[in-house]
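*Asks:* First, the structure itself, so that you have it in front of you.
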Amino acid sequence: MTGTDPFLAACRGLPHGHTPVWFMRQAGRSLPEYRDLRGEGSILDAIADPALAAELTLQPVRRYGVDAAILYSDIVVPVNAIGFGVDVQPGVGPVVERPFARESDLERLRPLEPEADTPYVLETISILVEESPVPVIGFAGAPFTVASYLIEGSPSRTYGRTKALMAGNPELWFKLIDRLTDLAISSLRSQIDAGVAAVQVFDSWAGALSPAAYERFVQPATRRVFDAVADVPRIHFGVGTGEILHLMADTGCDVVGVDWRVPIDVARDRLGPDTVLQGNLDPALCLGPIAVVEAEVTDILRRNNGHPGHVFNLGHGVLPETDPAVLERVVQLVHELTVDAGNPMSGA
Ligand code: CP3
């Protein structure tokens, strides 16, 4: 992949042919070909089958013409692989048999040995490196978001137990987060060695924290993750993060993800003119009339104002009810409107 690849160039804030687009959860239930191929059973079994996982990764690349492929995997794969006991229940998300509650639970979080514990992930990446026409993005859950699943036991609205552990036993919190940081680093390093061209760290639920809590309990761990993967472009993503965006940007990442709550131009005002941003179409809008979607895409590009450091994406994952034709149109429109992205003579 050369420096003129639109996705990799945009991640570095360099000029390129057109604004690159990819979608979080671009592989998944919105695609009929996904539903056909994926079958029933746990997503963790599908992930453990490299030929299947590679094919599920490539389906949206072919269908949408997106500029990057995201590895078909899940943020709980490493913790599951070391035997913590996590399942991903359809329509629910990760569910943990015995949630993390006390010091002795640390013993259930041994270091990850990627070659032995997640060989299928590395094999999927090897297939994709051969077969993907676009760069492959590897990923990991950020220490906080993975910790929240392990502590809460299932998806939570309040993160009550997680915040109670931070407040009541910070020493144990830091021991937990340290292990999860090591896990994320081992997993990402192995994905990079296998050939991914960029990485995204999903701190999906970091927006639940106050700036002070984020700064004290989360930012140092996330910074350690990014420091360990500095050889590829690094994207940092979360939802509802407007008030902590400056702290999330200050972790060594190259690209800051923004959801639809913060307009791109406002985010760039907050973070500085050189900041590379990813986002930020509201995925729920994609269920609405196509004219509204088109107007919103146009507005996002107008707000980006021809800045070369923009990776177009949704503000969060594709909703399963989304009509694939809408996403096809989004890709086409972004490409059409951004010929020579970052070239001051053109612009959106
Ligand atoms: O296309 C892609 O984005 C690639 C693959 C991907 C999946 N999960 C596959 C998946 C990625 C990048 C993830 C990351 C992930 N997993 C996150 C971070 C991103 C985010 O949404 O904030 C989180 C929080 C998880 C945990 C998780 N896994 C949830 C909340 C769910 C949804 C449960 C449901 O069924 O609605 C999953 C399951 C999951 N992971 C699916 C997919 C395609 C859907 C279910 C399936 O096909 O079994």
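*Asks:* Expressed as an acute angle from 0 to 90° and rounded to the nearest 10, what is the orientation of the C-alpha long axis of helix 170-194 relative to the principal long axis of the chain?
*Replies:* Helix 170-194 and the main axis of the chain meet at about 50 degrees.
*Asks:* Additional query: Would you compute, from DSSP H runs of 4+ residues alone, the mean residue ellipticity of the chain at 222 nm, taking -39500 (n - 2.57) per run and dividing by the full residue count, rounded to the nearest 500?
*Replies:* Counting only the DSSP helices, I get -13000 deg cm²/dmol.
*Asks:* Compute the FRET efficiency between Arg110 and Arg35 as 1/(1 + (r/R0)^6), taking r as their Cβ-Cβ distance and R0 = 30 Å, and round to the nearest 0.05.
*Replies:* 0.25
*Asks:* Tally up the carbon and sulfur contribution to the accessible surface of the chain as a whole percent, 1.4 Å probe, everything protein left in place.
*Replies:* Summing carbon and sulfur atoms, their accessible area is 51 percent of the total for the chain.
*Asks:* Let me ask something additional. Please list the radius of gyration and Dmax for segment 123-269, considering alpha-carbon atoms only, with Å as the unit.
*Replies:* 15.6, 49
*Asks:* In the chain, which longest range has no trypsin sites (Lys or Arg not before Pro) that are both DSSP loop (not H, G, I, E or B) and surrounded by at most 10 other Cβ atoms within 10 Å?
*Replies:* 158-348
*Asks:* Here is a follow-up. Kindly report the accessible area of segment 6-337 per residue (heavy atoms of protein chains, probe 1.4 Å, no ligands, DNA or RNA), in Å².
*Replies:* Accessible surface, normalised per residue, equals 38 Å².
*Asks:* Any idea what the alpha-carbon Rg over 2.2 N^0.38 Å comes to for the chain?
*Replies:* 0.94
*Asks:* What is the sum of charges around Asp87, taking Lys and Arg as +1, Asp and Glu as -1, for the other residues whose C-beta is under 13 Å from the C-beta of Asp87?
*Replies:* Once positives and negatives cancel, what remains is -2.
*Asks:* Another question, if that's okay. Let's test this: bin the Cα-Cα distances of segment 62-189 at 5 Å from zero up to the farthest pair and state each bin's percent.
*Replies:* Reading upward from the zero bin: 2, 10, 20, 21, 18, 13, 9, 5, 3, 1.
The values are calculated or read from the model by the stated rules, or taken from the named source; none is laboratory data. Note that this is a predicted model, so its numbers are computed, not measured. As a convention, Cβ positions derive from the backbone with ideal geometry for all residues, glycine included, and neighbour counts pool all protein chains shown. Heads up: the accessible areas ignore ligands, DNA and RNA and are worked out on the full protein's heavy atoms, side chains in. Shrake-Rupley method; radii C 1.70, N 1.55, O 1.52, S 1.80 Å.
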